[in-house]
Amino acid sequence: MCSSDLPNPPWQECGNDWNSEYCVDDTMNKTEKSLLPINKTKSSVEEYWDRRVLNITGTSMSDLGGINLDLLGTLTLAWIIVYLIIYKGLHSSGKIIWFTALFPYFVMGILLIRAITLEGAVDGLLLYITPDWSKLLTSECWIDSATQIFFAYSIGTGALPALGSYNKFYHNCVKDTVITCIVNTATCLLAGTITFSILGHMAFNQGVDVKSVVNSGPGLVFVTYPEVVLKLPGGSIWALVFFFMLVTIGIDSEFCLVESLVTGMLDMWPDKLR
């Protein structure tokens, strides 16, 4: 099956039942875009994430909506996969880590090459590397920074000490710690370069400032990366590869955290659980 036989990604164009009248996609010309209010426009990718995947009901906490069966099913499937990975022990999990850890770098390398060549990418990169020293005087900057460090390095979760406890007694853990910190930080910088390149391109398409093109948050990657997937030949195939990459990253992180819990329980009751 060639890429032309595959259906286009559902977030490629507006006109779906989940899109609003303020949706913008690459098929629209400048005249059509100029007729829409600049402050209200959203890309077809962002609307797919907000209105189709998350099915956001409103801004009020009282408007909870119903159970999203799609998300419930995928969440259940994710936990089943995590169990199948760890139920035989850490030694079998270690073999899987090699693939789940290296495969994302292959995909991110290809996305990086495409992202930095998009129109408007330079504007996003300039925003990424240009420091705003006034932000240091705000509490939000320090809270976000601390959150990123705790999240990226899994500080306080016990995952790294639990995995390290399986090493030999005289293993050089300091060397592993330094390598982990360097690779982790470099990966964050790489992901940031891709993200802001795509944000610059999205701002270019919508005719807005880069800072206001998309709301920041944990769902940012689901808005920016699918945007660059559309610019690759055989976009449908790359969409499958990209989301498979996200699944491997998520499961890789999740079963490491679960492994720390399991390790603690085994150490507490070794006679009964081992």
Criterion violated by Val82 - all others in (1) open to solvent by 70 Å² or more (accessible area, probe 1.4 Å); (2) among the aliphatic types (A, V, I, L, M); (3) touching a residue at least 12 places away in the same chain (Cβ under 8 Å) satisfied: (1)
Which pairs turn up if I take residues in the stretch 107-125 that are on the phi > 0 side of the Ramachandran plot and look for partners that are part of a helix (DSSP H, G or I) with beta carbon separation below 7 Å, at least 6 apart in sequence or on another chain? Gly120/Gly200; Gly120/His201; Gly120/Ala203; Gly120/Phe204
Among the candidates Thr157, Thr187, single out the residue that is assigned to a loop (DSSP other than H, G, I, E, B), under 22 Å from the mean Cα position of the chain (by Cα), within 25 Å of Met245 (Cα to Cα) and among the hydroxyl-bearing types (Ser, Thr, Tyr). Thr157
Is it true that Ala146 is closer than 20 Å to Gly250 by Cα and not polar (S, T, N, Q)? no
Filter the stretch 167-184 for residues that are among the charged types (D, E, K, R) and part of a helix (DSSP H, G or I); which is most open to solvent (accessible area, probe 1.4 Å)? Lys175
Can you say whether Leu163 is at pLDDT below 85 and open to solvent by 30 Å² or more (accessible area, probe 1.4 Å), as far as the supplied structure shows? yes
List every residue pair whose Cβ atoms lie under 9 Å apart, where the two residues are 6 or more positions apart in sequence or sit on different chains, the first residue falls within the stretch 21-34 and is closer than 20 Å to Val223 by Cα and touching a residue at least 40 places away in the same chain (Cβ under 8 Å), and the second residue, located anywhere, is basic (Lys, Arg) and surrounded by 11 or more Cβ atoms within 10 Å (Cβ to Cβ). Val24/Lys33; Val24/Lys42; Asp26/Lys231
Within the bounds of the stretch 180-192, is there any residue that is closer than 25 Å to Arg51 by Cβ and of a type outside the set (A, V, I, L, M)? no
Scanning the stretch 102-146 for residues that are exposed (fewer than 12 other Cβ atoms within 10 Å of the Cβ) and acidic (Asp, Glu), which turns out farthest from Phe196 (Cα to Cα)? Glu140
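Listed here are the residues, each with its yes/no results for (1) of a type in the set (Lys, Arg); (2) in a helix (DSSP H, G or I); (3) open to solvent by 20 Å² or more (accessible area, probe 1.4 Å).
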| residue | (1), (2), (3) |
| --- | --- |
| Gly200 | no, yes, no |
| Asn205 | no, yes, yes |
| Val223 | no, yes, no |
| Val228 | no, yes, no |
| Lys231 | yes, no, yes |
| Asp252 | no, yes, yes |
| Val258 | no, yes, yes |
| Leu261 | no, yes, yes |
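The values are calculated or read from the model by the stated rules, or taken from the named source; none is laboratory data. Treat the numbers as computed from the prediction; the structure is a model and nothing was measured. Cβ atoms come from the backbone with ideal geometry, glycine included; neighbour counts cover every protein chain shown. Note: accessible area is taken over every heavy atom of the protein model, side chains too, but ligands, DNA and RNA are not part of it. Shrake-Rupley method; radii C 1.70, N 1.55, O 1.52, S 1.80 Å.
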